[in-house]
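Values in this text are rule-based calculations from the coordinates and carry no lab data. Please read all numbers here as calculations on a predicted model, not as lab measurements.
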Amino acid sequence: MSKRKAPPVAVVDRKGLMRALTDWGRARSIEPPQPAREPGAYVPPSRRTKKTFTTWMDKAALDQIKALAAHRKVSQQKLIAEAFNLLFEKHGLPPIAT
């Protein structure tokens, strides 16, 4: 039984190959660019002076505020503003949340 010699291995430009693979992966992993907001984009009057505020809460607390809002027939935002105002008053600050 004779052993065949393996064909010679081609010399590969490792850096070029890595660059090509990296570029290929990046092109598919990034999100498509979002269109820039126009300076005059419409903002509802009720949100012109507002900023977004995000927090993490227990699911039970979120369920409770949803139920309370439904029971009182007011928005969750109004209940949260009420809570902020109570917090401000407790610490000697003016109630300004709306």
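In order along the range 90-98, the phi-based Karplus estimate (6.51 cos²θ - 1.76 cosθ + 1.60, θ = phi - 60°) of 3J(HN,Hα) comes to 4, 9, x, 10, x, x, 10, 5, 10 Hz; Gly and Pro are listed as x. Across the range 61-67, rounded Karplus estimates of 3J(HN,Hα) from the backbone phi angles (6.51 cos²θ - 1.76 cosθ + 1.60, θ = phi - 60°) give 5, 5, 4, 5, 5, 5, 5 Hz, Gly and Pro being marked x.
Between the amide H of ALA97 and those of ASN85, distances stay under 5 Å, these residues lying 5 or more places away or on another chain, with hydrogens modeled in the peptide plane.
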